[in-house]
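Visitor: Take a look at this one; I'll ask things after.
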């Protein structure tokens, strides 16, 4: 027994040391993807929430049946639609259903449910990247296929939320991930090679900061389109002396810009109105400074 116990302790120590080695490597890496990338366990979070939801739903049903048992009349429950509620046959006595233990259990489950919902909402609003973007962490997950790694999302704990991330940047982010998956699948780099293999120890691991790349490209494209929508009308209007033609050009530019902003940028309705009004004011200055032929 002592030998077996010693062997068990020794095996457990090896596992702990190996886990420490991996965690130390990830926590001291020079790349932000590895240093601040964490799994979000989306499906596990959802399963936990569903279990809580099911337990609370059963207790909620008991509460409603106990409320029906009070026989207060439909005038006390019109707002909730209690007059159309289904009443169970052979409902236990209310004193057997509503007990101090029941209330304490309900209070605990509701607290867990509310906290879990708020936490999950915060987690899902964080910036994510594909496991394939970080080759070091990807090499540690030998249990996943290349496609599974491509679909696995890691959180960036060092960045803010993506609540203001533009749809255009999200589109770029998605296609950059797809491009990396296509490139790695063609190179076939994940055929049984582990993190400690000689091939990986003698070359630099690759990374793709998709969030940063998408943000830079998105800003450059936005700046370029802004310059085009300011310069192009000025050039076109300078060759059009007719007021009717100028009005048509200005109207089209305002409509197209408003449509593009609402489609590709994450802005509120008020911001769209303000931007369209400001752009219309700028174009009106262009029109007012252009002489009209008699």
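The values are calculated or read from the model by the stated rules, or taken from the named source; none is laboratory data. Everything numeric here is computed off the predicted structure, so don't read it as measured data. Here Cβ is always computed from backbone atoms with ideal geometry, including for glycine, and neighbour counts include all displayed protein chains.
Visitor: Scan the range 179-203 for residues that are at pLDDT 80 or above and either in a loop (DSSP other than H, G, I, E, B) or touching a helix residue (DSSP H, G or I) at 6+ places or on another chain (Cβ under 8 Å) (or both) and report the count.
Guide: The qualifying residues number 4.
Visitor: Need pairs with beta-carbon distance below 7 Å; first residue closer than 10 Å to residue 287 by Cα and within the range 237-251, second modelled with pLDDT under 80 and exposed (fewer than 11 other Cβ atoms within 10 Å of the Cβ); sequence gap 6+ or separate chains.
Guide: Here the result reads 241/292; 241/293; 243/292, each pair linking the range 237-251 to a residue that is modelled with pLDDT under 80 and exposed (fewer than 11 other Cβ atoms within 10 Å of the Cβ).
Visitor: Another question, if that's okay. Is there a residue being farther than 30 Å from residue 128 by Cβ and either modelled with pLDDT of 85 or more or surrounded by fewer than 17 Cβ atoms within 10 Å (Cβ to Cβ) (or both) anywhere in the range 204-226?
Guide: No, because not a single residue in the range 204-226 is farther than 30 Å from residue 128 by Cβ and either modelled with pLDDT of 85 or more or surrounded by fewer than 17 Cβ atoms within 10 Å (Cβ to Cβ) (or both).
Visitor: Do we find that residue 258 is free of Cβ contacts under 8 Å to residues at least 24 places away in the same chain, part of a helix (DSSP H, G or I), over 25 Å from residue 164 (Cβ atoms) and not assigned by TED's automatic domain parsing to the domain that holds residue 184 in this structure?
Guide: no
Visitor: Out of all the residues in the range 95-104, which are part of a helix (DSSP H, G or I) and surrounded by 14 or more Cβ atoms within 10 Å (Cβ to Cβ)?
Guide: Once the filter is applied, which keeps residues that are part of a helix (DSSP H, G or I) and surrounded by 14 or more Cβ atoms within 10 Å (Cβ to Cβ), the range 95-104 yields 97, 102.
Visitor: Taking residue 267 as meeting all but one of (1) within 37 Å of the chain's Cα centre (by Cα); (2) part of a helix (DSSP H, G or I), write down the number of the exception.
Guide: (2)
Visitor: May I pose another question? Can you confirm whether the range 159-178 contains a residue that is at pLDDT 90 or above and either assigned by TED's automatic domain parsing to the domain that holds residue 220 or not in a helix (DSSP H, G or I) (or both)?
Guide: Looking for residues that are at pLDDT 90 or above and either assigned by TED's automatic domain parsing to the domain that holds residue 220 or not in a helix (DSSP H, G or I) (or both), one finds at least one in the range 159-178, hence yes.
Visitor: State yes or no: is residue 242 outside the structural domain of residue 166 (by TED's automatic domain parsing) and over 28 Å from residue 169 (Cβ atoms)?
Guide: Yes: the conditions hold for residue 242.
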